[in-house]
Amino acid sequence: MALVGAAGCETFQGAASPQWMAKRWLDSPTPQVSEVLAYWRSEVYFSQDEENQKKPLPGLAGRVMFASQSSNRMVEATGELVVRLYDMTNVAAPRLLAEYGFDPHALKKLKSEDRFGDGYTLFLPWETYRPEVRQVQVELRYFPKDGSEIRAQPTTLVLETNAAPRPHLHVENFTTAPTAANR
């Protein structure tokens, strides 16, 4: 009401016209994911397996971000993320160690903001971990709700073996789910 008598009132009235109000400002489309970026730690972390009498649960930890070329920023994942872990100790014969699936609901629980923007912190439980596996490759594939599969650049990690075991990692919000075998 204080603006009614103020200079520029005509501009406000023009901006509040029915044509302006008819625009769907709040329904702007979410920018599409065009690239998947990931950073993985080369240490094996140990969490507690809540479903198995809190026994140590080894795994890898990393950060995944989804970028949109159209908006030049990190965006929310609305599709499914599939992560595959390969044993690359023998590079000539890579062996699939595990596959993890994160649906949009699981990813939403893992979302947080850091200095680079929105991203997702993942813990990949590695129940078959053996210290003799010295090199692994992490492969990410993202399946958007609408669109084609997007693959991240695979990351090969040389696992640190001389370091003391990493302290327990609190992963109460980490969720993994089985994925379709046909992907």
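The values are calculated or read from the model by the stated rules, or taken from the named source; none is laboratory data. Everything quoted here is computed from the prediction, not taken from an experiment. Positions of Cβ are generated from backbone atoms using ideal geometry, with glycine treated the same way; all protein chains shown enter the neighbour counts.
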Checklist entry - Does Leu81 fit the bill of being modelled with pLDDT of 95 or more and touching a helix residue (DSSP H, G or I) at 6+ places or on another chain (Cβ under 8 Å)? => result yes
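For region 76-92, enumerate the residues that are of a type outside the set (S, T, N, Q), farther than 17 Å from Glu149 by Cβ and in contact with a strand residue (DSSP E or B) (Cβ under 9 Å, 6 or more places away or on another chain).
Glu76, Leu85, Tyr86, Asp87, Met88, Val91
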Checklist entry - Within region 60-73, can you find the residues that are crowded, with 18+ Cβ neighbours inside 10 Å and within 17 Å of Lys109 (Cβ to Cβ)? => result Ala61, Gly62, Val64, Met65, Phe66
Next on the checklist: Within region 81-98, take every residue that is surrounded by 17 or more Cβ atoms within 10 Å (Cβ to Cβ) and among the charged types (D, E, K, R) and give me the one that is farthest from Tyr129 (Cα to Cα).
Outcome noted: Arg84
Checklist entry - Which condition does Phe12 not pass, out of (1) at pLDDT below 50; (2) among the hydrophobic types (A, V, I, L, M, F, W, C); (3) surrounded by 14 or more Cβ atoms within 10 Å (Cβ to Cβ), if it passes all the others? => result (3)
Item to check | Val136 vs. criteria out of contact with any Lys or Arg (no Cβ under 9 Å at 6 or more places or on another chain), assigned to a loop (DSSP other than H, G, I, E, B) and either under 14 Å from Leu157 (Cβ atoms) or of a type in the set (Gly, Ala, Ser) (or both) | outcome: no
